[in-house]
1. What does the charge add up to near Ala40, with Lys and Arg as +1, Asp and Glu as -1, over the other residues with Cβ less than 11 Å from its Cβ?
2. Taking amide hydrogens as modeled 1.01 Å from N in the peptide plane, which residues meet the under 5 Å criterion relative to Leu153, leaving out close sequence neighbours?
3. Take Ala57 and Ala169, extend 7 Å from each Cα along the Cα→Cβ direction, and tell me the distance between the two endpoints in nm.
4. Show me, for segment 169-178, the HN-Hα J-couplings you get by feeding each phi into the Karplus relation (A = 6.51, B = -1.76, C = 1.60, θ = phi - 60°), rounded to Hz, glycine and proline as x.
5. If the chain between Ala119 and Thr28 were fully stretched, how many nm would it gain, using 0.36 nm times the residue separation less the Cα-Cα distance?
6. For Lys86, give me every one of the aspartates and glutamates with a C-alpha distance below 19 angstrom, ignoring sequence neighbours fewer than eight places off in its own chain.
7. For Leu105, list long-range residues whose amide hydrogen, built 1.01 Å from N in the peptide plane, is under 5 Å from its own amide hydrogen.
8. Can you give me the accessible area per residue for segment 10-163, using a 1.4 Å probe, in Å²?
Amino acid sequence: QAALPRLGESEARQLLFNALAGDGRKLTEQQLFLAEAAVAENARPLYIHLVVQWTRAWTSVDTGSERVAADGNRLLKDMFAGLEKKFGDLFLECMRLLYVAGIGLTERELREVLWKVPAVVKCVSSTLHLSQTVFEFPHPYFSYFLSEIAFLLVPAFCDGQETLRIAFAEMGDLVRDRYVATLPRLIGSTEVLLEFFKQRHLRAQEIGRA
C-alpha cells in the first residue's frame, strides 16, 4: 500500500479530534495543546494515528514530560522499540510473519502459525513460566498481545474471511528494514508459513474426499 499524503491543517485537527473521541481519550488542555502542535507540524494520517496511541500512556497529571516526537518515523521506531522490549521475539516474529504473508492472516491462523516458530514458543513459555511442551498458544495471552499491537494492524478480507494485516505502508517498510532484512530468519518465517498452508490445503482435500 502507498503512503498517504499530508492533510490540510483543519482536516488534520479534525482527524485528531475524531480519533481521540473514538478512542475514548479526554486530554487536559495542556496535553491537547501538545498533541495539536505535533499534528500541525506533521499532518500525515500515520502520524496522527501514532499520536493518539502515544497519548494512551499519559495520565491526567502529565504536563508534557512525555513529549511527542515530531518526526513520524522516529515516533514509530520508538513504539516498535517499546513493543520489542515488552514482548521480545513474539513481537518480532509476529510482524515478520504478517509482512511475509502480505494479504494478512486470520487471528486463528496467526495464533497457530506463531506457535510453530520455536523462538515464539520459547519466549512465551519463559514469560508465562510454562513448559515448552504446551501444544498451543495460550488464548488469554494471545488476546492481550493482539490488543497491545492493534494500532499496527488493520482488518482486511481474503476469501470471505477477515484477516489482519499491517496498517500503513510506512509500518511495512519499517518491518522490512528492521526484521526482514536478515535473510536466514526470513527464510525460516517463509518456510513456517508455506508448511502451514500446505498442511491446511491437504486437510481440506481430505475433507473434500470424505
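The values are calculated or read from the model by the stated rules, or taken from the named source; none is laboratory data. Remember, predicted model here, so these are calculated numbers, not experimental data. Glycine gets a Cβ as well: all are built from the backbone with ideal geometry, and neighbour counts include every protein chain shown. Note: areas computed on protein heavy atoms with side chains; ligands, DNA, RNA excluded. Shrake-Rupley method; radii C 1.70, N 1.55, O 1.52, S 1.80 Å.
1. On the way: positive: Arg13; negative: Glu9, Glu36, Glu41.
Net charge around Ala40: -2.
2. So Leu153 has HN proximity to Ala167.
3. Simple spin-label model gives 2.8 nm for this pair.
4. 4, 5, 5, x, 5, 5, 4, 4, 6, 8
5. Details: separation 91, 0.36 × 91 = 32.76 nm, distance 4.20 nm.
Full-extension gain reported as 28.6 nm.
6. Glu66, Asp78, Glu148
7. Leu164
8. Numbers: 8040 Å² over 154 residues.
Roughly 52 Å² per residue, with all protein chains present.
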